[in-house]
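Colleague: Once you've had a glance at the structure underneath, I'll fire off some questions.
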Amino acid sequence: MACLQTSDRGFHDRRLCLSVYGLRPGKSDNAFPIEEVQVPLKLYHALELTLEGEAIIRIDLHCESVEAAKERAKQLVQDRPVELWQGPVRIARFEPQN
């Protein structure tokens, strides 16, 4: 699954170019792209929260699916909760492990 993380500056091209790599005949260590696929990305926001529930950091995530966005948001959890949003809709909340 594809997922890009950007800062508050934004990411203007919401398409991701994925390359599928193959091996040149007879050269097992020389991979080259054999196919490129354009994947439309959706914008999600991960919010790191204080323990009181106030947002302190917003991270833009450009992902191909909600599942990819959830996986990326889970990886952002450290000492504080993280909420995943798409527009005005909260998708999930992830709590830190104690």
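Colleague: Considering only residues that are within 10 Å of the chain's Cα centre (by Cα) and in a strand (DSSP E or B), which ones fall in the stretch 37-58?
Modeller: Within the stretch 37-58, K42, L43, Y44, H45, A46 qualify.
Colleague: Further question on the same structure: Scan (1) of a type outside the set (A, V, I, L, M, F, W, C); (2) out of contact with any Pro (no Cβ under 8 Å at 6 or more places or on another chain); (3) at pLDDT below 55 for the single condition R14 breaks and write down its number.
Modeller: Of the numbered conditions (1) of a type outside the set (A, V, I, L, M, F, W, C); (2) out of contact with any Pro (no Cβ under 8 Å at 6 or more places or on another chain); (3) at pLDDT below 55, the odd one out for R14 is (2).
Colleague: In addition: Look through V66, V77 and report the one residue that is of a type in the set (V, I, T), touching a Phe, Trp or Tyr at 6+ places or on another chain (Cβ under 6 Å) and either touching a residue at least 24 places away in the same chain (Cβ under 8 Å) or surrounded by fewer than 17 Cβ atoms within 10 Å (Cβ to Cβ) (or both).
Modeller: Going through V66, V77 in turn, the sole match is V77.
Colleague: Now, a different point. Is there a residue being closer than 12 Å to F94 by Cβ, under 13 Å from the mean Cα position of the chain (by Cα) and of a type in the set (A, V, I, L, M) anywhere in the stretch 60-74?
Modeller: Yes, because at least one residue in the stretch 60-74 is closer than 12 Å to F94 by Cβ, under 13 Å from the mean Cα position of the chain (by Cα) and of a type in the set (A, V, I, L, M).
Colleague: Give the residues of the stretch 59-85 that are in a strand (DSSP E or B) and either modelled with pLDDT of 95 or more or among the β-branched types (V, I, T) (or both), sorted by residue number.
Modeller: Correct list: I59, V82, E83, L84, W85.
The values are calculated or read from the model by the stated rules, or taken from the named source; none is laboratory data. Please read these numbers as outputs of a predicted model, since none were measured by experiment. Cβ sites come from the backbone with ideal geometry, for glycine too, and all protein chains shown count toward neighbours.
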